[in-house]
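Take a look at the structure below.
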Amino acid sequence: MAATILVVEDEPAIQELISYNLELAGHHALKAQSAEEALDMVRTALPDLVVLDWMLPGMSGIEFARKLRADKRTQGVPLILLTARADERDKLHGLETGADDYLTKPFSPRELNARVKAVLRRRAPQATDDAVDIAGLKLDPVSHRVTGNGSPLALGPTEFRLLHFLMTHAERVYSRTQLLDQVWGDHVFVEERTVDVHIRRLRKALEPSGHDRLIQTVRSAGYRFSPAA
């Protein structure tokens, strides 16, 4: 599943190399040459991950990372920090600021793609191509198929995305607002009750295999996917 990755790098050749290789790996790369430009882009829509150069003109990459982590809306966006600084103290400083991983220049495109895949799997599993199989319910993002106890289940595109997100974040409760941001997209203005409509459709689609019971309503809080019915 393609992830939207924001590349914040002021050297055009490096930015182009990173973006090209990310797109070869199937991702959608957005480009910013400064932290200020990147902040404007993040205010418009949240990326799945940010690849961030430490040394930037104007606001540094570290300060940009601090701003993301200080804002409730952006604090969960995964970050990979790029830097020429190889000192262990610098690495610790970057990680303590909130980066999920740290890559020292020069690095190979293969290493960057491996780090991106690892961070997405850990922090944004809904943005990977990994199949999910829980309690006999299997979802495959590559083939876009869902099966319940081996039998195919028919889901609409929104229900598919909703189920994918819930399955990759099992046992966590999400409010309607959080689900709108994560499934429909940040800055998409639709009513919260839209979530209820699609939850009903999702449960109906899962009824044939009995997996509708895994979509739980948590009173006054939201919804949770749990095999512990």
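Values computed for the structure shown
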| quantity | calculated |
| --- | --- |
| Any hit, segment 12-26, residues being over 21 Å from ARG122 (Cα atoms) and of a type in the set (Asp, Glu) | yes |
| Residue within segment 47-56 that is of a type in the set (Asp, Glu) and surrounded by 15 or more Cβ atoms within 10 Å (Cβ to Cβ) present | yes |
| Failed criterion for GLU207 (all others in (1) assigned to a loop (DSSP other than H, G, I, E, B); (2) without any contact (Cβ under 8 Å) to a residue 12 or more places away in the chain; (3) charged (D, E, K, R) hold) | (1) |
| Residue ID - surrounded by the fewest Cβ atoms within 10 Å (Cβ to Cβ), chosen from residues in segment 8-32 that are touching a Leu at 6+ places or on another chain (Cβ under 8 Å) and in a loop (DSSP other than H, G, I, E, B) | ASP10 |
| Identity of the residue in segment 33-46, assigned to a loop (DSSP other than H, G, I, E, B) and either acidic (Asp, Glu) or at pLDDT below 90 (or both), that ends up farthest from the chain's Cα centre (by Cα) | ALA45 |
| Of all residues making up segment 218-229, the number that are under 22 Å from LEU153 (Cβ atoms) and exposed (fewer than 13 other Cβ atoms within 10 Å of the Cβ) | 2 |
| Strands (runs of 3 or more DSSP E) fully within segment 96-186 counting 2 or more residues that are closer than 25 Å to LEU6 by Cα and either of a type in the set (Ser, Thr, Tyr) or touching a residue at least 40 places away in the same chain (Cβ under 8 Å) (or both) | 101-104 |
| Flag if ASP71 is acidic (Asp, Glu) and under 26 Å from ALA170 (Cβ atoms) | no |
| Residue that is nearest to the chain's Cα centre (by Cα) [pool: residues in segment 187-196 that are assigned to a helix (DSSP H, G or I) and either of a type in the set (Phe, Trp, Tyr) or surrounded by 12 or more Cβ atoms within 10 Å (Cβ to Cβ) (or both)] | VAL195 |
| Residues satisfying the stated conditions in segment 118-149, i.e. closer than 20 Å to ASP53 by Cβ and among the charged types (D, E, K, R) | ARG123 |
| Hits in segment 62-93 (condition: charged (D, E, K, R), in a helix (DSSP H, G or I) and at pLDDT 85 or above) | GLU63, ARG66, LYS67, ARG69 |
| Hits in segment 210-227 - residues which are touching a helix residue (DSSP H, G or I) at 6+ places or on another chain (Cβ under 9 Å) and not in a helix (DSSP H, G or I) | ILE215, THR217, GLY222, TYR223, ARG224, PHE225, SER226, PRO227 |
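The values are calculated or read from the model by the stated rules, or taken from the named source; none is laboratory data. Given the structure is predicted, the values throughout are model-derived calculations rather than measurements. Reconstructed Cβ throughout: ideal geometry from the backbone, glycine too, with neighbour counts over all protein chains shown.
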